[in-house]
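These notes are about the structure you will find just below.
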Amino acid sequence: MATRRLRAFKRWMDSKGIEYSDALQFTDNEEGIAVRAICDLKEGDVVASIPKQACLTVKTSGARHVIKETELAGPIALCVAVMYERSLGPLSPWAGYLQLLPEADCLPLLWSADDVDSLLGGTELHEIVKEDKALIYEDWEECILPLMNSASLKLDPEFFGIDNYFAAKSLIASRSFQIDVYHGFGMVPLADLFNHKTGAEDVHFTSVSCHLDSDNDVDIENDDASYSSTVDEPFTQSSPFRNSDEGNSSVDSCNLEKSSNSEENPMFLEMIIVKDVKSGAEVFNTYGSLGNAALLHRYGFTEANNPFDIVNIDLELVVKWSLSLFSSRYSRARLSLWRRLGYSGCVSQNSEYFEISYDGEPQVELLVLLYIILLPDETYHKLDLAVPTAGDFAKSLNMILSKKRTIKSGTDSERKDLLLTKRVRDSLLSLANIRESFYGSDSLEDDIDLLKRCCRIRERKLYHSLMLRVSERTILKQLRVYASRSSKSTKRSYPLRKKFKWT
């Protein structure tokens with residue numbers, strides 16, 4: 001169904017030379033906009049062609065001179081471009097596109113401090129969102145506020161306040177694409193309408209590099225006429241879609257032709273089908289292999305049974321657990337040996353942590369640390385003296401486990417099993433319980449029951465925060481199962497995971 005705002009957007013796309021296949025249908029309801037196929041789509045079909053000058057970027061915005069004068073760059077500069085175009089209202093060349101966007105996307109970044117504490121407490125996002133909010137406020141105070149106070153720039157303060165900045169930041173975080181080296185990141189109309197589905201990419205956004213030399217770059221930036229001539233005027237390049245009956249908007253055979261403009265015209269971006277899509281199905285993009293914490297943080301939603309979900313156990317928590325059992329000197333010495341053997345956790349900003357994967361499997365680095373912490377003194381001292389002979393990961397593990405057996409040819413699963421002594425498994429249970437306590441007094445079952453009664457549309461914040469809590473607490477439950485199993489009876493293989501962290 002085409003709503004008024006969708007019809008206005010389609011007219012705007014026509015005026016900017018944005019081409020899209022008649023095989024795509026845009027729907028608009030209370031859950032938002034979706035793109036569906038109204039006939040079968042085949043792998044390789046080009047379903048959209050978007051002129052780069054139709055994209056809202058630092059280079060195309062009317063604010064580009066202000067941005068250049070103030071030497072702003074990156075996401076802050078793009079925020080200024082978005083806020084500036086919004087300040088122009090219907091006079092903006094992107095008015096038809098901006099009217100389709102929400103005022104702000106419902107990211108935790110925009111939630112109140114009370115909502116962040118009550119809904120995200122205990123989750124991977126709690127502290128991250130609070131830190132982000134503080135940093136973004138600092139950016140606004142240092143970079144945007146001086147623009148508002150500058151009489152020469154003549155910016156309307158009503159559109160550059162802190163709320164406007166947070167709103168623009170949320171749109172950029174959830175909707176921007178990397179276009180090319182010249183434009184950098186920008187808002188790409190039409191491409192941002194395709195919803196995400198993990199592991200189910202139907203359409204791929206392809207950026208064709210722009211072959212502009214440095215002289216051309218300067219000309220485009222400094223030529224005042226370029227703003228009206230290249231952005232306001234309809235893009236007149238020939239369409240990659242060549243229907244026999246141009247006046248007929250219906251789809252007869254749905255034979256979509258591949259674009260002939262890709263190599264000839266580097267000013268186009270394309271949306272290409274990467275696997276067959278059946279008629280009536282929604283056409284999905286994918287934003288990457290992201291867990292629910294990353295999805296909620298960046299895009300404002302979560303997915304059930306997301307295989308990329310993780311829970312982090314901070315190194316600081318492991319150290320506190322060790323200090324509850326052993327002296328400070330003892331704990332520091334064991335941690336030092338672990339580091340000298342070449343081990344470390346994942347590192348993000350100022351924290352170091354260990355990931356627990358979707359199936360409850362801990363990083364091997366955590367198992368090694370716990371094993372070393374729990375070594376008998378005599379074994380620890382022998383290992384401490386032998387450390388200089390360790391040169392790589394496998395040798396370190398062999399050295400640690402030398403009293404059990406040599407595992408030079410052992411599998412990753414066998415190495416992990418040897419680390420899972422009774423004391424190590426008990427320590428994993430303790431760490432899981434400590435991490436679980438961060439969520440408060442309500443149980444996992446309480447959260448699941450509340451989630452079942454929650455409306456995803458009307459109670460969006462509560463719904464997605466509960467999804468995150470449930471997914472994380474389920475992983476901790478799986479960690480307890482993993483820690484409780486007998487290593488001798490294990491049949492399942494737990495290969496070493498490649499470290500994955502979201503930013």
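Worth a mention:
- Some residue of the range 96-109 being out of contact with any strand residue (DSSP E or B) (no Cβ under 9 Å at 6 or more places or on another chain), modelled with pLDDT of 95 or more, open to solvent by less than 30 Å² (accessible area, probe 1.4 Å) and small (Gly, Ala, Ser): yes
- Taken together, the residues in the range 367-390 that are open to solvent by less than 30 Å² (accessible area, probe 1.4 Å), at pLDDT 90 or above and either more than 14 Å from Gly342 (Cβ to Cβ) or not in a helix (DSSP H, G or I) (or both) amount to 7.
- Enumeration of residues in the range 457-487 that are touching a residue at least 60 places away in the same chain (Cβ under 8 Å) and open to solvent by 80 Å² or more (accessible area, probe 1.4 Å): Arg460, Lys477, Val481
- Apart from one condition, Phe205 fits all of (1) assigned to a strand (DSSP E or B); (2) modelled with pLDDT of 90 or more; (3) of a type outside the set (Val, Ile, Thr); the exception is (2).
- Note on the range 115-172: residues that are without any contact (Cβ under 8 Å) to a residue 40 or more places away in the chain, open to solvent by 50 Å² or more (accessible area, probe 1.4 Å) and outside any helix (DSSP H, G or I) total 4.
- Only helices (runs of 4 or more DSSP H) whose full extent lies in the range 391-498 are considered here, and the ones with at least 1 residues that are at pLDDT 95 or above are 422-436, 444-452, 460-484.
- Pairing residues of the range 62-91 that are basic (Lys, Arg) with residues that are part of a helix (DSSP H, G or I), at Cβ distances under 7 Å and at least 6 apart in sequence or on separate chains, gives Arg64/Glu221; Lys68/Glu221; Arg86/Leu98; Arg86/Phe159.
- For the range 359-366, the count of residues that are surrounded by 18 or more Cβ atoms within 10 Å (Cβ to Cβ), touching a residue at least 12 places away in the same chain (Cβ under 8 Å) and either more than 23 Å from Thr123 (Cα to Cα) or hydroxyl-bearing (Ser, Thr, Tyr) (or both) is zero.
- Figure legend. Inter-residue proximity from the range 33-59: first residues on the phi > 0 side of the Ramachandran plot, second residues open to solvent by less than 10 Å² (accessible area, probe 1.4 Å), beta-carbon distance below 8 Å, spacing 6+ or different chains. Indicated pairs: Gly44/Ile273.
- Wholly enclosed strands (runs of 3 or more DSSP E) of the range 258-356 bearing at least 1 residues of a type in the set (Asp, Glu) and surrounded by fewer than 19 Cβ atoms within 10 Å (Cβ to Cβ): 311-314, 351-356
- Selection within the range 15-32: residues that are in contact (Cβ under 8 Å) with a residue 60 or more places away in the chain and charged (D, E, K, R). The member of this set that is nearest to Gly280 (Cα to Cα) is Asp22.
The values are calculated or read from the model by the stated rules, or taken from the named source; none is laboratory data. Predicted, not measured: the structure shown is a model, and the values here were computed from it. Counting neighbours? That spans all protein chains shown, and the Cβs are built from the backbone with ideal geometry, glycine included. Protein only, heavy atoms only, side chains kept; ligands, DNA and RNA dropped before computing areas. Shrake-Rupley method; radii C 1.70, N 1.55, O 1.52, S 1.80 Å.
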